[in-house]
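The values are calculated or read from the model by the stated rules, or taken from the named source; none is laboratory data. Just so we're clear, the structure is a prediction, and the values are computed from it rather than from any experiment. Cβ sites come from the backbone with ideal geometry, for glycine too, and all protein chains shown count toward neighbours. Side chains included, ligands, DNA and RNA excluded: accessible areas come from the protein's heavy atoms. Shrake-Rupley method; radii C 1.70, N 1.55, O 1.52, S 1.80 Å.
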Amino acid sequence: MMTSDVERIDADDAKALIDDGDAVVVDVREPAEILATGKVPGAINIPMAEFLERADPGSPDHDPALEPDKTVILYCASGKRAQFAGNKLIEFGYREVFNLGGLKDWELAGLPVDEA
């Protein structure tokens, strides 16, 4: 069993970081899942199939929204993919990485969801 360095964050704490402008929110679900359920407002979508090359600062396909010195909050449907992605970010040298869990955790906190 792999140990995790990625801290779970609850939706209210995540929203506070987002509202402060200090965090990038990444939805690692597939586009079809986002079309079906919506997403956290302002979240960028990087599906798992593309995640490694877009998150790696040394990759030519690196997403400029992701920087190792920025706070990154990840989520998916259940939290498992977000956990995997978060561990990869830590391996890439990102310092502040959080796992929100699933979109349902955000919704259960009564927070808004944007349509895709």
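Annotation: amide H of residue 25 within the under-5 Å range of 44, 73, sequence separation 5 or more or interchain, hydrogens built in the peptide plane.
In order along the range 82-93, the Karplus-derived 3J(HN,Hα) couplings, from 6.51 cos²θ - 1.76 cosθ + 1.60 at θ = phi - 60°, round to 4, 5, 4, 4, x, 4, 5, 4, 4, 4, 7, x Hz, and Gly and Pro are given as x. Computed extension gain for residue 35 through residue 104, at 0.36 nm per residue and net of the alpha carbon distance, reaches 23.4 nm.
With Cα atoms defining each centre, the range 78-109 and the range 12-54 are spaced 9 Å apart in the structure. Taking every protein chain into account, the accessible area of the chain amounts to 52 square angstrom per residue (probe 1.4 Å). List the aspartates and glutamates whose Cα lies under 16 Å from the Cα of residue 80, skipping any in the same chain that are fewer than 8 positions away. Hits, sequence-local ones excluded: 5, 7, 10, 27, 30, 33, 105.
Labels on offer are [x] 17.8, 58; [y] 13.3, 42; [z] 12.9, 38, and the one holding Rg and Dmax of the Cα atoms in Å computed from this structure is [z]. The phi torsions of the range 12-19, fed into the Karplus equation with coefficients 6.51, -1.76 and 1.60 and a -60° offset, translate into couplings of 5, 5, 4, 4, 4, 5, 5, 4 Hz, rounded to whole numbers, with Gly and Pro shown as x.
Heavy-atom surface analysis with a 1.4 Å probe gives the chain a carbon and sulfur content of 52 percent of its accessible area. Placing a pseudo-label 7 Å from each Cα along the Cα-to-Cβ vector at residue 113 and residue 10 gives an inter-label distance of 2.1 nm.
Over the chain, dividing the summed -39,500 (n - 2.57) contributions of all DSSP H runs of at least 4 residues by the number of residues returns a 222 nm mean residue ellipticity of -10000 deg cm²/dmol.
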